[in-house]
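Notes for the one structure printed next.
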Amino acid sequence: MHKDPDIDRTALLAPRSLIEHVEERVCSALRIRGTRHISAMRDLRLPPNLDLVDLIYRTVACNYKRGDAAANRDRSKKNWRWQLQTRIRTDNPSREVVLERAIAAACCRTGREDWANQVPVASGLIAGPAGGRRAIDLAHRCGHRHFELIELKIASDTPLYAAVEIICYGCIWLLARASPPSIKPEILDADHIDLRVLAPVDYYTRYDLTELEAALNQGCGALGQARDLTMTFAFRAVDERLVGSVPLDDDALLAALDNRISWKVGRSQMSEDPFLPGVPVAHVRARLAAADGDEIGSGKFANPESSAALAVNAFGWFIERPADLPPLPGTAAMGTPERVEVEYCARFPWSGGHHPWLDAVAITPTHLIGVESKRFEPFRDTKTVSLSSAFDRPEWGDRMGRFAAMRDKLRSGELCFRYLDAAQLVKHAFGLVTEARRLSRRPVLFYLYAEPNERGERQISAEDHRHHRDEIAAFAQFVDGDEVTFLSSSYREWIDAAMPVAEAEVHFARLRQRFKL
């Protein structure tokens with residue numbers, strides 16, 4: 001391979017850091033002032049035949065050799081340790097550090113062991129004053145001998161700077177893997193490493209990173225292939241809720257973290273109108289604003305995983321044309337809807353407290369059909385049971401005994417559901433029975449669910465979908481015969497069985513495409 005004369009000239013000098021000279025050589029190769037300069041990023045052009053990853057690797061490897069790092073590999077036991085670091089000063093100004101520590105704390109509290117943070121890579125390896133302070137922001141165990149190394153960014157630096165940084169750490173990993181310490185950490189035994197920059201969508205919006213991402217991924221692939229392992233690179237967009245002003249609970253935070261998507265998908269979704277054509281936007285926004293959850297203001301509605309966005313778009317189109325709503329499976333005999341609404345509050349028979357909000361309702365001359373819509377929740381959220389003593393009040397009548405028994409068995413733990421939020425369905429049933437009596441209608445609780453194939457980069461297996469359907473069937477069998485009729489269907493089954501008017505057919509085609517139904 002062609003030798004780099006700049007690397008040769010420094011071969012006899014002891015490095016101050018394992019990544020010494022990387023910045024200047026990258027800038028020289030790209031003919032830019034600095035990797036942190038936004039102006040340089042906007043005008044970035046990759047010279048033909050430049051393998052930037054190989055350049056970075058050769059520079060790091062030269063530093064590794066000049067610093068005699070291999071001989072020092074047992075000087076510290078910290079390198080590549082798999083731990084969660086949660087301590088942070090209350091006045092720490094770094095948004096990245098605050099988020100990283102929040103992720104670590106959430107993992108500790110929920111027992112997640114597939115994440116680590118502040119993973120040291122160079123402690124004790126060379127004598128340089130800055131050499132030992134290098135650490136990877138986040139690391140994720142994806143599977144057997146498969147890990148992600150992540151550089152986390154919110155508003156600092158540029159995607160190029162972050163990419164160079166995480167590729168440097170990937171190169172140090174390769175060198176440590178080739179010459180591991182006496183006690184070999186699990187991560188050094190991996191044969192698949194994904195190098196990732198993780199940032200909010202708006203971190204990427206001013207750049208077109210297509211060429212850069214492809215070149216870096218190709219370079220990482222070649223570097224890994226030469227060593228009989230898989231190495232990839234990508235820019236990934238983090239769920240906007242992670243960096244929002246509204247604090248998330250542990251489950252929501254980790255679920256948002258798990259939803260890592262391509263920067264291209266994130267940018268496309270950010271620019272996309274959240275409402276499909278024909279949905280009465282002003283009316284729907286008012287409904288969302290009046291409901292619990294602050295879907296619009298919190299940014300949850302724009303989330304790629306938003307269940308509310310699916311339900312609002314599916315049923316919102318029929319608000320102004322309720323008679324055109326195709327019957328949900330099993331409801332055809334219940335009559336033509338006189339009213340279709342989204343974000344509908346089915347109130348309990350008391351004034352205080354929280355009342356259930358249904359994603360949609362269809363009101364016919366004889367029935368009140370309340371729709372609970374699910375998208376990714378069955379495969380994401382940890383199901384909890386929170387049914388206060390208020391639900392023990394003698395308000396529901398003799399024909400709600402099965403739902404009451406379900407309430408009691410969920411509380412005691414005699415019944416547990418992994419995929420189905422059964423406690424939420426019980427609350428909705430109690431709200432529906434009182435609301436239906438007020439409207440002189442018969443109540444129906446309809447569970448409508450999507451069956452996505454993947455979440456971010458994670459596949460959702462056919463077995464997961466089968467278990468979800470099994471739990472729905474078990475719930476339906478348990479409550480069968482009560483005043484509230486429980487029915488269910490997937491979105492796909494509903495749409496496939498529907499024979500809508502021509503305009504609704506176009507709407508359903510758009511719905512399928514937008515939400516991958």
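Brief remarks on what is shown
- Here no strands (runs of 3 or more DSSP E) wholly within the stretch 313-383 include at least 2 residues being outside the structural domain of residue 505 (by TED's automatic domain parsing).
Conditions (1) of a type in the set (Gly, Ala, Ser); (2) under 27 Å from the mean Cα position of the chain (by Cα); (3) closer than 20 Å to residue 373 by Cβ; (4) outside the structural domain of residue 235 (by TED's automatic domain parsing), marked per residue:
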| site | (1), (2), (3), (4) |
| --- | --- |
| 446 | no, yes, yes, yes |
| 452 | no, yes, yes, yes |
| 459 | no, yes, no, yes |
| 473 | yes, no, yes, yes |
| 482 | no, no, no, yes |
| 488 | yes, yes, yes, yes |
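- Cβ-Cβ contacts under 6 Å between residues 6 or more apart (or on different chains), taken from a first residue in the stretch 423-444 that is touching a residue at least 12 places away in the same chain (Cβ under 8 Å) and over 15 Å from residue 481 (Cα atoms) to a second residue that is aliphatic (A, V, I, L, M) and assigned to a helix (DSSP H, G or I), are listed as 423/410.
- Filter result for the condition that a residue is surrounded by 22 or more Cβ atoms within 10 Å (Cβ to Cβ), touching a residue at least 40 places away in the same chain (Cβ under 8 Å) and assigned to a loop (DSSP other than H, G, I, E, B), over 127, 155, 122: 122
Listed here are the residues, each with its yes/no results for (1) over 25 Å from residue 100 (Cα atoms); (2) among the acidic types (Asp, Glu); (3) modelled with pLDDT under 95.
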residue: 183; (1), (2), (3): yes, no, yes
residue: 195; (1), (2), (3): no, no, no
residue: 210; (1), (2), (3): yes, no, yes
residue: 213; (1), (2), (3): no, yes, yes
residue: 220; (1), (2), (3): yes, no, no
residue: 234; (1), (2), (3): no, no, yes
residue: 239; (1), (2), (3): no, yes, yes
residue: 242; (1), (2), (3): no, no, yes
residue: 245; (1), (2), (3): no, no, yes
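- Here no helices (runs of 4 or more DSSP H) wholly within the stretch 20-101 include at least 3 residues being without any contact (Cβ under 8 Å) to a residue 12 or more places away in the chain and in contact with a strand residue (DSSP E or B) (Cβ under 7 Å, 6 or more places away or on another chain).
- Some residue of the stretch 425-439 being assigned to a loop (DSSP other than H, G, I, E, B) and surrounded by fewer than 18 Cβ atoms within 10 Å (Cβ to Cβ): no
- Whichever residue in the stretch 209-221 is surrounded by 15 or more Cβ atoms within 10 Å (Cβ to Cβ) and of a type in the set (A, V, I, L, M) and, among such residues, is farthest from residue 198 (Cα to Cα): 215
- Checking each residue in the stretch 443-462 for being under 20 Å from residue 360 (Cβ atoms), crowded, with 18+ Cβ neighbours inside 10 Å and not acidic (Asp, Glu) picks out 443, 444, 445, 446, 447, 448, 449, 450.
- Hits in the stretch 440-473 - residues which are assigned to a helix (DSSP H, G or I) and of a type in the set (D, E, K, R): 463, 464, 466, 469, 470, 471
- Flag for residue 16 being under 19 Å from residue 157 (Cα atoms) and assigned by TED's automatic domain parsing to the domain that holds residue 160: no
- Flag for residue 214 being outside any strand (DSSP E or B), free of Cβ contacts under 8 Å to residues at least 24 places away in the same chain and among the small types (Gly, Ala, Ser): yes
- Within the stretch 182-211, being of a type in the set (S, T, N, Q) and either more than 28 Å from residue 29 (Cα to Cα) or without any contact (Cβ under 8 Å) to a residue 40 or more places away in the chain (or both) holds for one residue alone: 182.
- Yes/no for residue 237 being under 28 Å from residue 24 (Cα atoms) and either touching a Leu at 6+ places or on another chain (Cβ under 6 Å) or crowded, with 23+ Cβ neighbours inside 10 Å (or both): yes
- Lone unmet requirement of (1) of a type outside the set (Val, Ile, Thr); (2) within 22 Å of the chain's Cα centre (by Cα); (3) outside any strand (DSSP E or B) for residue 496: (2)
- Scoring residue 343 on the criteria (1) touching a His at 6+ places or on another chain (Cβ under 7 Å); (2) farther than 21 Å from residue 251 by Cα leaves a single failure, condition (1).
- Residue under evaluation residue 465, criteria (1) over 24 Å from residue 255 (Cα atoms); (2) surrounded by fewer than 21 Cβ atoms within 10 Å (Cβ to Cβ); (3) at pLDDT 95 or above, criterion not met: (1)
- Qualifying residue in the stretch 389-410 (condition: surrounded by fewer than 22 Cβ atoms within 10 Å (Cβ to Cβ), under 29 Å from residue 260 (Cα atoms), touching a residue at least 40 places away in the same chain (Cβ under 8 Å) and not small (Gly, Ala, Ser)): no
- Here the stretch 223-264 is the region considered, the condition is being farther than 21 Å from residue 192 by Cβ and in a strand (DSSP E or B), and the residue that is nearest to the chain's Cα centre (by Cα) is 238.
- Boolean, residue 172 is within 18 Å of residue 17 (Cβ to Cβ) and assigned by TED's automatic domain parsing to the domain that holds residue 27: yes
The values are calculated or read from the model by the stated rules, or taken from the named source; none is laboratory data. As the structure is a prediction and not an experimental result, all values here were calculated from the model. Cβ sites come from the backbone with ideal geometry, for glycine too, and all protein chains shown count toward neighbours.
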